[in-house]
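A.B. asks: Structure in structure tokens, see below.
The values are calculated or read from the model by the stated rules, or taken from the named source; none is laboratory data. Computed from a prediction, not measured in an experiment: that's the story for all the values here. Counting neighbours? That spans all protein chains shown, and the Cβs are built from the backbone with ideal geometry, glycine included. Remember, those area values only see protein heavy atoms, side chains included, never the ligands or the DNA or RNA. Shrake-Rupley method; radii C 1.70, N 1.55, O 1.52, S 1.80 Å.
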Amino acid sequence: MFRAQWMFELTPGVSSNGSDTPPCRASIRGPGGKTIDTKGKQELAKEEKAKELFLKAVEQEQNGALYEAIKFYRLAMQLVPDIEFKITYTRLPDSDGIGKRYIEDNEDDGKMADLLSYFQQQLTLQEFSVKLCQPELDVSQTHISVLPMEVLMYIFRWVVSSDLDLRSLEQLSLVCRGFYICARDPEIWRQACLKVWGRSCNKLVPYSSWREMFLERPRVRFDGVYISKTTYIRQGEQSLDGFYRAWHQVEYYRYMRFFPDGQVMMLTTPEDPQSIVPRLRTKNTRTDAILFGHYRLSQDTDNQTKVFAVIMKKKEEKPIDYHKYRYFRCVPVQETDHSFHVGLQLCSSGRQRFNKLVWIHHSCHITYRSTGETAVTTFDIDKMYTPLFFARVKSFTAFSEKPL
């Protein structure tokens, strides 16, 4: 009821007691064109005054003077009820700098190309430039901004961790301007690049920063698993009566997980990802079928990045049962070492980057310990070798074991 009465009083041409106000004399006496000009000038003057009051109210609200802001808001809406939607902040009103802050911000948004330089400049201009951030509300506990810069950077290295979880670092940079500056520290991104590419990334050319190199240069991803699914039809044995022959649909998965230290895990199994992926979270897995090895990245002259891996089969040490071979002569079995050499081409598909591995080589090397000879069996890359696609796993980066 109060709101309806208040809006009724703000309606032009109606007085507070409900009676219509008489029209202006200038509009009655003057000719038609002059009357329209007079009304237009009055409306413009009223709108300019309302804009000035509204901008004053905004400034008071930004400064924390809410009572004064409400007073100016009320005066502005009494003049022009929809003044809020007519403010464009494109020019200064005729006052002492009111609304200047909004115009400068809009101009900076259009001209600012480097957000990091802008934040550093803003922090330099502030009085509390020593601290990267300030608590929004007064708290009794110690705020994180009190910590020295060295301690803050050490915390950021724990966020990245030895697993190179740069995604969490980017999310941490969204907290405030100070955290944004810390997350863009060149030393963090340089160490991440050295851990991925080693000494081959001593020069930044053609990249402008270490962060750009890490994001743009082709690399395998560490926050998930590369998975491929292979399905084929196999012919079974004919029935005894010869009337039908069974057919079997065979389905299995290949899993590959890479680590920043150059190690890789590979597993071939018919079990679905829902049951296998949790076992690949750490290297200390108890699954015997998982093969471990090491890998390296190679970039040829054709600008295609390839991944070469050597994966070893676990050595099974079985104790000799002398009681079993007590009554007959045992033929010694030659001890061998098995290793699989894998070649993959790193590609991007869809919106994700570096999320596809295409098979280019697969061979098995059997080395006899007694003679040192090695027998190599190379497999033909056919339709059975389906590409591996990356699937991000959040639990892989949920815990940090060591800092960067």
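A.B. asks: Are any residues in region 265-285 under 17 Å from Lys313 (Cβ atoms) and either assigned to a loop (DSSP other than H, G, I, E, B) or not assigned by the TED database to the domain that holds Thr230 (or both), and if so, which ones? Walk me through how you get there before you give the answer.
C.D. replies: Restricting attention to region 265-285, the residues satisfying the condition of being under 17 Å from Lys313 (Cβ atoms) are 265-269, 283, 285.
Scanning region 265-285 gives Lys283, Thr285.
A.B. asks: Can you tell me which of Arg219, Arg234 is modelled with pLDDT of 85 or more and open to solvent by 10 Å² or more (accessible area, probe 1.4 Å)? Break it down stepwise before answering.
C.D. replies: Numbers: Arg234 fails: modelled with pLDDT of 85 or more.
The match here is Arg219.
A.B. asks: Same structure, new question: Pick out the one residue from Tyr67, Tyr73 that is open to solvent by less than 100 Å² (accessible area, probe 1.4 Å), modelled with pLDDT under 85, in a helix (DSSP H, G or I) and among the aromatic types (Phe, Trp, Tyr). Spell out how you get there, then give the answer.
C.D. replies: Numbers: Tyr67 fails: open to solvent by less than 100 Å² (accessible area, probe 1.4 Å).
Answer to the selection: Tyr73.
A.B. asks: How about region 188-238: which of its residues are among the β-branched types (Val, Ile, Thr) and not in a strand (DSSP E or B)?
C.D. replies: If we filter region 188-238 for residues that are among the β-branched types (Val, Ile, Thr), which is where we start, we get 188, 196, 205, 220, 225, 227, 230-231, 233.
Those that are among the β-branched types (Val, Ile, Thr) and not in a strand (DSSP E or B): Ile188, Val196, Val205, Val220.
A.B. asks: Further question: Please verify whether Asn355 is polar (S, T, N, Q) and at pLDDT below 85, treating the condition exactly as stated.
C.D. replies: Working: polar (S, T, N, Q): yes; at pLDDT below 85: no.
For Asn355, the condition - polar (S, T, N, Q) and at pLDDT below 85 - is not met.
A.B. asks: Please enumerate the residues belonging to region 164-194 that are under 18 Å from Arg217 (Cα atoms) and crowded, with 17+ Cβ neighbours inside 10 Å. It would help to see each step written out before you state the result.
C.D. replies: Of the residues in region 164-194, the ones under 18 Å from Arg217 (Cα atoms) are 164-167, 170, 184, 186-194.
Answer for region 164-194, where residues must be under 18 Å from Arg217 (Cα atoms) and crowded, with 17+ Cβ neighbours inside 10 Å: Leu164, Asp165, Leu166, Arg184, Ile188, Trp189, Arg190, Ala192, Cys193.
A.B. asks: Of the residues Ser228, Ser200, Ser209, which single one is free of Cβ contacts under 8 Å to residues at least 24 places away in the same chain and open to solvent by less than 60 Å² (accessible area, probe 1.4 Å)?
C.D. replies: Details: Ser228 fails: free of Cβ contacts under 8 Å to residues at least 24 places away in the same chain; Ser200 fails: open to solvent by less than 60 Å² (accessible area, probe 1.4 Å).
After ruling out the rest, the residue left standing is Ser209.
A.B. asks: What number of residues within region 287-312 are among the charged types (D, E, K, R) and not in a loop (DSSP other than H, G, I, E, B)?
C.D. replies: Initially, region 287-312 is screened for residues among the charged types (D, E, K, R), giving 288, 296, 300, 302, 306.
Applying the additional criterion that residues be not in a loop (DSSP other than H, G, I, E, B) yields 296, 306.
Residues that pass the stated criteria total 2.
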